[in-house]
Amino acid sequence: MQFHLTALFVAQCQTQPGRSWKNVVPLSRNGSASAPAWLDLMAVSASSKGEVAQASTYTRNKLRQFRSALKLLSERNLVDLGRSEAGRKYEGFRLLSEDASSSGAGVTEYRVPRADEAPLELPAHFFTRGWVHVLTKSEIAAYLMWRQLGADSSYVMASWQERAGMFGLSRDVYDTHQALEAFGLIKVFRPKERRNNGTWRGYYSGTQPFSHRIRVLPSGLSAPAHDVVEKALRKAAALGKWSKPLDV
């Protein structure tokens, strides 16, 4: 997910709306080339075993993760892999449309959306401040859901029909609102009858409990993600605030 979102961001930085993107970014730098590579654009955990990590091993591990991500995206018909000659299969990959129009029978190339197509707007700070690298996949999916539902302009609720039916997200993904709030990305309005563990005070059969209401905080993404998340996780661990792992 993080690799795909970053590739979409790069495409929109390099290409005019309505046009397809030509990927000329190499996976890694060649010799003394000064142009950025995917190796520079992505932050992943690629540490090697042993007490001393070799730079070459770190690079190989990171590139192996990139190729694994691209292979999975290709299987999902979200990218078309590049040149097929030995050692160059993943270079120059193409982004494919995210509307499920691509299949084994044929592919539809990704185009940078125009404003009149009503795309989901995601501030550039999501990438430039490092949020795409430090949030878990569940946290990213939930954050995008809230933005799609209009939480950037008002408090909104997500029923289980919307969460599961429209977005295909599980309850565990919904529960990431605790982490997103701790990171300063959203504000949660909690009904007074609802406990932190999700149960309700005074609930009886036939009543309709209300869900949390969520508002996206516009300034949240402007803070440096690594510093914010590390501080929040240390505080949560010290206070024992969350009963579930944050990486579900």
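The values are calculated or read from the model by the stated rules, or taken from the named source; none is laboratory data. On a predicted model such as this, the values are computed, not experimentally measured, just so you know. Methodologically, a virtual Cβ is constructed for each residue, glycine included, from the backbone with ideal geometry; neighbour enumeration extends over all protein chains shown. What goes into the accessible areas is simple: the full protein's heavy atoms, side chains included, and nothing from ligands, DNA or RNA. Shrake-Rupley method; radii C 1.70, N 1.55, O 1.52, S 1.80 Å.
In the range 200-229, the residues that are modelled with pLDDT under 90 form Cβ pairs under 6 Å with partners that are of a type in the set (K, R), at six or more places apart or across chains, as follows: W200/R194; H212/R190. Tell me, which residue of the range 93-126 that is in a loop (DSSP other than H, G, I, E, B) and open to solvent by less than 30 Å² (accessible area, probe 1.4 Å) is nearest to L70 (Cα to Cα)? So the residue we want is F93. Just one of the listed residues (A105, A142) is under 23 Å from K187 (Cβ atoms) and not hydroxyl-bearing (S, T, Y), namely A142. Within the range 40-80, being assigned to a loop (DSSP other than H, G, I, E, B), of a type outside the set (K, R) and at pLDDT 90 or above holds for N77, L78. Out of F189, F183, one residue alone is modelled with pLDDT of 75 or more and surrounded by 15 or more Cβ atoms within 10 Å (Cβ to Cβ). It is F183. Looking only at the range 131-155, which residues are outside any helix (DSSP H, G or I) and surrounded by 19 or more Cβ atoms within 10 Å (Cβ to Cβ)? Across the range 131-155, the qualifying residues are L135, A151.
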